[in-house]
Protein chains: 2
Amino acid sequence: MTTERPYHHGDLRRAVLDAAVEAITEHGPAGVGLRDLARRVGVSHAGPVHHFKDKAGLLTALAAEGFTLLADALDQTVAAGGDIVDLGVAYVRFAVEHRAHFEVMFRPDLHRPGDPALTEARDRAGAALAGGVADRPDPELASVAAWSLVHGFATLWNTGALSRTDRDPEAMVRAFAGSMFLT
Amino acid sequence: MTTERPYHHGDLRRAVLDAAVEAITEHGPAGVGLRDLARRVGVSHAGPVHHFKDKAGLLTALAAEGFTLLADALDQTVAAGGDIVDLGVAYVRFAVEHRAHFEVMFRPDLHRPGDPALTEARDRAGAALAGGVADRPDPELASVAAWSLVHGFATLWNTGALSRTDRDPEAMVRAFAGSMFLT
DNA sequence: GGGCAATCTTTTCACTGTCAAGTTCGTGTT
DNA sequence: AACACGAACTTGACAGTGAAAAGATTGCCC
């Protein structure tokens, strides 16, 4: 009574990426395996290889997708007239809602080094962030400071290091980012 | 012409931890394996197991050691009369100099959950950090903000995301942390 | 000196990533 | 409409990994 699945999956690449997101949110990036993903999707153990070549290839694709999603979210908030604080809140919201993507994005030891799609997506997100502080003295320093603040909060929050508070993460970001970056 | 090494290593636990630090600084936490470490130290592949039980046990021990080292460094700077900015600089310096420890410390998916030695060491470091902002309105928020700022900078720096700048990392921290936390 | 427990080794097992070779299928060509 | 071509997937194999069990070696304490 096997389920008679067709030989061609249809959109295996998408399905594997989604399964990877699911697996990572459950067990972290270390607990994800190609064979396990293949099983979840209902495909032979070497099926994903054809789309990603490598485990590193899969995670690189995931990271690139993550940076693209992030860049979209940031672009959208500036298009809606948001200021720096709104940008920071959007950053944190992305990290919390797309925890799996976010965790992979900043682990270069899991990536295929120098992947063009990844570097392009990352640059897009970086530009969107830097645009929020372009009108300051020493904008480079300001952009690094702003990025550090929200990135640190996001990673600390996601790793559970801030678990003692029961406050709302976005409200916290809005509070201290506002007091630090709005003169 | 085998090297006639004695049956008992002497201090295998220490040696494995050191080898792990070396391996992680080279290939990242994903690229470290128990068998590989055993080889580096010159011991049978199951030797380390007796000291750490698990791969998770090894990494948990490393993380605990890291938090202890960090707490020591922070305590030392307050003992030397340092202010918040000095604390932040010490944090970043630790992350850069003990990159391997630092990378493992904030990856709870690699830890044995609820390990007492780890949680105690982490609390010690947390207390040392929070002590720097105890005299502010809403000290909890201030401590989270300060921690986020330096932690974010440290991780971004270590992952190479800030590679475009050739400035000195400590000087950068001192610059923006000063402008943000000294009234 | 004798025994005991800690330390390390050997063997084995299930599992993983990767490669090479085959099989099935959509798609465009004529 | 038949066909061939290439993309998508499967099958089978291999080396390497983490973990567990059982055996060998040694320092140490009475």
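Rg of the Cα atoms in the stretch A:131-179, relative to 2.2 N^0.38 Å, amounts to 1.31.
Shielding of peptide A:27-35 by partners, expressed as the average count of other chain Cβ atoms within 10 Å per residue Cβ, is 2.
Legend: residues in the stretch A:127-146 shielded by at least 40 square angstrom of accessible surface upon adding the remaining protein chains to the isolated chain (1.4 Å probe, heavy atoms) are A:Glu140, A:Leu141, A:Val144, A:Ala145. Sequentially through the stretch B:79-86, phi angles give Karplus couplings (6.51, -1.76, 1.60; θ = phi - 60°) of 5, 8, x, x, 9, 4, 4, 4 Hz, Gly and Pro residues having no value and appearing as x. Dipole of chain A computed with +1 at Lys/Arg Cβ and -1 at Asp/Glu Cβ about the Cα centre; of A:Ala145, A:Ala71, A:Ala177, farthest Cα towards the positive end is A:Ala71. Distance between the 7 Å Cα→Cβ label points at A:Asp138 and A:His27: 4.6 nm. Each Cα pair under 8 Å and six or more residues apart adds its separation to the average, and for chain A the resulting relative contact order is 23 percent. Here B:Arg13 yields copy-to-copy label distances, from shortest upward, of 5.1 nm, the label point defined as 7 Å from Cα along Cα to C-beta. Let me make sure I get this right: for the protein assembly as shown, a, b and c are the square roots of the gyration tensor eigenvalues over alpha carbons, sorted descending. Under 1.5 in a/c it's rounded, otherwise prolate if a/b > b/c, else oblate. Which is it? Oblate shape, in that a/c is at least 1.5 and b/c is the bigger or equal ratio. Taking only protein heavy atoms and a 1.4 Å probe, the accessible area of the stretch A:55-181 is 55% carbon and sulfur. The residues of the protein assembly as shown expose, per residue, 50 Å² of accessible area to a 1.4 Å probe. Among B:Ser44, B:Leu118, A:Gly57, flag the residue with its Cα farthest along the positive direction of the charge dipole of the protein assembly as shown, charges on Cβ as +1 for Lys/Arg and -1 for Asp/Glu. Towards the positive end, the residue furthest out is B:Ser44. Taking all protein chains together and rolling a 1.4 Å probe, A:Asp75 ends up with roughly 60 Å² accessible. Taking label positions 7 Å along the Cα-Cβ direction at both A:Asp54 and A:Thr119, the computed distance is 1.5 nm, reported to one decimal. If only the Cβ of Lys and Arg carry +1 and only the Cβ of Asp and Glu carry -1, the dipole of the protein assembly as shown around its Cα centre is close to 1100 debye. Of all chain A residues, the one whose Cβ lies closest to the rotation axis that maps A onto B, given with that distance rounded to whole Å, is A:Gly152, 1.
Label separation (B:His45 vs A:Ser44): 2.9 nm, computed from points 7 Å beyond Cα along the C-beta direction.
Pairing chain B with chain A buries about 2800 Å² of accessible area. This figure sums both sides and uses a 1.4 Å probe.
Here is how far apart the A:Ala130 label points are across copies: 3.8 nm, shortest first, using a point 7 Å from Cα toward Cβ. Note on B:Arg124: accessible area is roughly 90 Å² with a 1.4 Å probe, heavy atoms of protein only. With the label put 7 angstrom out from Cα along the Cα-to-Cβ vector, A:Glu97 ends up 4.2 nm from the copy partners, going from closest to farthest. Simple point charges give the picture: +1 on the Cβ of Lys and Arg, -1 on the Cβ of Asp and Glu, and for the stretch A:48-158 a dipole about the Cα centre of about 380 debye. Counted over all Cα-Cα pairs of the stretch A:1-96, pairs farther apart than 24 Å make up 37 percent.
The values are calculated or read from the model by the stated rules, or taken from the named source; none is laboratory data. Everything numeric here is computed off the predicted structure, so don't read it as measured data. So basically every Cβ, Gly included, is an ideal-geometry build from the backbone, and we count neighbours across all protein chains shown. Protein only, heavy atoms only, side chains kept; ligands, DNA and RNA dropped before computing areas. Shrake-Rupley method; radii C 1.70, N 1.55, O 1.52, S 1.80 Å.
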